Amino acid sequence: MTVSNLSFHNVMAHKQYSELADVPSSNPSMAQDVYPSRLAESPQALWQPRQDAVIKGRHLSGPLSKAQLEEFERKGFLFIPHLISGDELDELCDEMQALMSTDAYRHQDFSITEPESNEIRSLFAVHKLSERLGALASDERVAGAARQIIGDDPYVHQSRINYKPGFAGKGFNWHSDFETWHAEDGMPGMHAVSASLILTDNHEFNGPLMLIPGSHKKFVPCLGETPEDNHKSSLKAQEVGVPSPEALTELVAEHGIEAPKGKAGGLLLFDCNTLHASNANLSPDPRSNVFFVFNRPDNRCREPYAAPKHRPDFLAHAPDDSQSLAK
């Protein structure tokens, strides 16, 4: 494992934004916002149709079959069991444990602890902290699948390890990642995909990820102004950027809920706009995964659409981010 001292430069580009997302703004990216959220008043409709295609790279080579691409387009996610196994899986698990137990990371901004304990639940920018995880981020089995979905060679918008300890791991509210990345990072369109490699067995009792199939085709605007430095609390427990109970009730009634489960080494791919959540882990078995968000270079983040400033770099990397870690 490569252990380094992390020194990120936080981009602090401030801007003013309207309380209502449909109010014209002098900011070009805001004036063209086709996915308004963080609204001051309830919108007329619970959701709006998605404006971007789901699969953009059918013509590109990669590891996903035509049937797998069709399943992803239909459901907004795809689970591939047994992608990694044997010694390779063991080495990745060892790497995760070494990173999560590094005391130097525990109180850093890029390390998020459980709301009621000092145990790390998420460690960000792991493709920079670890050479092994950096290599995994560019592995054709992972990045190649992302390329077929988003339609271009991807870059890592975000990476992290998620760890939900037995008995103590808390759940996470329903949300669309894109809603946050759009509102707080300035990601223009739905051209990103998440790849989650599970490093422990996922079963119904240890808080597996739950997804609403088909929800990726509908953008659900959320109410509430983005607080200053919202990430400091939202990464522990998200309260802003959460769909209304009415929207969730109708979407679940129409599409249901699925929770892909399987042995360690499986890969879950899901669209940036797929609504997902997880329950608390009430079992003795921890649940962990290494997580990469792949974005298209022409979809790089601009000014935030509904936040006073950018979030820190470790939450939203740029395609030309060649920042190295000090040894």
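Summary of values
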{"read-out": "Lone qualifier among Leu223, Leu268 - being buried (at least 22 other Cβ atoms within 10 Å of the Cβ) and either within 23 Å of Asp139 (Cα to Cα) or at pLDDT 90 or above (or both)", "value": "Leu268"}
{"read-out": "Selection count, the range 261-288, where residues are over 26 Å from Pro221 (Cα atoms) and either part of a helix (DSSP H, G or I) or not polar (S, T, N, Q) (or both)", "value": "12"}
{"read-out": "Residue match in the range 179-201 (condition: out of contact with any Cys (no Cβ under 9 Å at 6 or more places or on another chain), more than 21 Å from Leu78 (Cβ to Cβ) and surrounded by fewer than 19 Cβ atoms within 10 Å (Cβ to Cβ))", "value": "no"}
{"read-out": "Matching entry among Ser159, Ser196, Ser176 (being of a type outside the set (Asp, Glu) and either in contact with a His (Cβ under 7 Å, 6 or more places away or on another chain) or without any contact (Cβ under 8 Å) to a residue 40 or more places away in the chain (or both))", "value": "Ser159"}
{"read-out": "Qualifying residues in the range 100-133 (those that are among the polar types (S, T, N, Q) and in a loop (DSSP other than H, G, I, E, B)) - the one surrounded by the fewest Cβ atoms within 10 Å (Cβ to Cβ)", "value": "Asn118"}
{"read-out": "Scope the range 162-203; condition among the hydrophobic types (A, V, I, L, M, F, W, C) and touching a Phe, Trp or Tyr at 6+ places or on another chain (Cβ under 7 Å); matching residues", "value": "Ala183, Met187, Met190, Ala192, Val193, Ala195"}
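Yes/no per residue for (1) in contact with a Leu (Cβ under 6 Å, 6 or more places away or on another chain); (2) surrounded by fewer than 20 Cβ atoms within 10 Å (Cβ to Cβ); (3) in a helix (DSSP H, G or I):
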| residue | (1), (2), (3) |
| --- | --- |
| Val34 | no, yes, no |
| Ser37 | no, no, no |
| Gln51 | no, yes, no |
| Pro63 | no, yes, no |
| Glu71 | yes, yes, yes |
| Asp87 | no, yes, yes |
| Ala135 | no, yes, yes |
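The values are calculated or read from the model by the stated rules, or taken from the named source; none is laboratory data. Just so it is clear, the structure is predicted and the values come from calculations on it, not from any experiment. Positions of Cβ are generated from backbone atoms using ideal geometry, with glycine treated the same way; all protein chains shown enter the neighbour counts.
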